[in-house]
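One structure below.
The values are calculated or read from the model by the stated rules, or taken from the named source; none is laboratory data. This is a predicted model, so every value here is computed, not measured. Glycine gets a Cβ as well: all are built from the backbone with ideal geometry, and neighbour counts include every protein chain shown.
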Amino acid sequence: MDKLSTNKHISGQFNAELEDIRNRVLAMGGLVERQLEQALDALGSLDAELAKKVIDGDHKVNSMEVSIDEECTRIIAKRQPAASDLRLIIAISKTIADLERIGDACVRIAKAALEKRNNNQQPLLVSIESMGRHATRMLHATLDALARMDADAAFELHKEDARLDKEYEGIIRQLMTYMMEDPRSIPGVLDVLWAARAVERVGDRCKNVCEYIIYYVKGKDVRHTSYEDMERDLHL
């Protein structure tokens, strides 16, 4: 991946500190991406060992969030960064919070796989594999945009969340229909429902990270703005 462009400072140590937290947030993103892939594999195959591996691995994600956040706080206190440097640190601090929540979503997916296996239930009533792979691709592309701090790519990915939401809505409609036709299926369907919801939240978190990228590059807070206003801010 291309290196993030940061201002050069008189203090070489400051440059090293900024590069270090950049590398650490990308490493955290890579770990979360693997967690998501494994959680979806566990759900698709009802692999209990893989599901437990995802659950056990969540502490690594949590530890990385705490460590990076502490470093961001230390840099702000010691270096008192301004302008783009401060935006970078704020963007990273917000990004790791969303990455940690994606990690939580992975745990929920893994637990759904365990529930279905432990209850000796039938395979998934509605396949969420397509939606899950869509979310995985979105996360991978978001991390790539973060590595390059590519605001244009972030804008396009931001819009991608709406397509993931439509997939989620379609799955919910199918699940509701199934439960109405066979009330005995409700406990099993709820497992799928919670897993689908967790996948949908991955898209929401990716969208948030895209907003932080735009904030760093353009200095504009585009949260809660329309796509038209966001696009205008990008090309001013």
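What do you reckon, is Thr136 part of a helix (DSSP H, G or I) and crowded, with 18+ Cβ neighbours inside 10 Å? For Thr136, the condition - part of a helix (DSSP H, G or I) and crowded, with 18+ Cβ neighbours inside 10 Å - is not met. Scanning segment 171-185 for residues that are within 29 Å of the chain's Cα centre (by Cα) and over 17 Å from Leu40 (Cα atoms) yields Ile172, Arg173, Gln174, Leu175, Met176. Identify all residues within segment 100-116 that are among the basic types (Lys, Arg) and more than 19 Å from Asn208 (Cβ to Cβ); write none if there are none. Across segment 100-116, the qualifying residues are Lys111, Lys116. Note on segment 74-86: residues that are part of a helix (DSSP H, G or I) and either within 14 Å of the chain's Cα centre (by Cα) or surrounded by 18 or more Cβ atoms within 10 Å (Cβ to Cβ) (or both) amount to 2. Of the residues Arg34, Arg108, the single one that is under 22 Å from Asp204 (Cβ atoms) and touching a residue at least 40 places away in the same chain (Cβ under 8 Å) is Arg108.
Here segment 202-236 is the region considered, the condition is being among the basic types (Lys, Arg) and not in a loop (DSSP other than H, G, I, E, B), and the residue that is surrounded by the fewest Cβ atoms within 10 Å (Cβ to Cβ) is Arg232. Answer yes or no as to whether Glu160 is part of a helix (DSSP H, G or I) and either buried (at least 17 other Cβ atoms within 10 Å of the Cβ) or of a type in the set (Ser, Thr, Tyr) (or both). Against the criterion (part of a helix (DSSP H, G or I) and either buried (at least 17 other Cβ atoms within 10 Å of the Cβ) or of a type in the set (Ser, Thr, Tyr) (or both)), Glu160 qualifies. Within segment 33-64, being more than 22 Å from Asp191 (Cα to Cα) and crowded, with 21+ Cβ neighbours inside 10 Å holds for Val61, Met64. The residues on offer are Asp85, Asp69, Asp56, and the sole one that is modelled with pLDDT under 95 and among the charged types (D, E, K, R) is Asp85. In segment 75-83 there is at least one residue that is at positive phi and among the aliphatic types (A, V, I, L, M).
When Lys94, Lys52 are screened for being touching a residue at least 60 places away in the same chain (Cβ under 8 Å), assigned to a helix (DSSP H, G or I) and either among the small types (Gly, Ala, Ser) or closer than 18 Å to Asn23 by Cβ (or both), only Lys94 passes.
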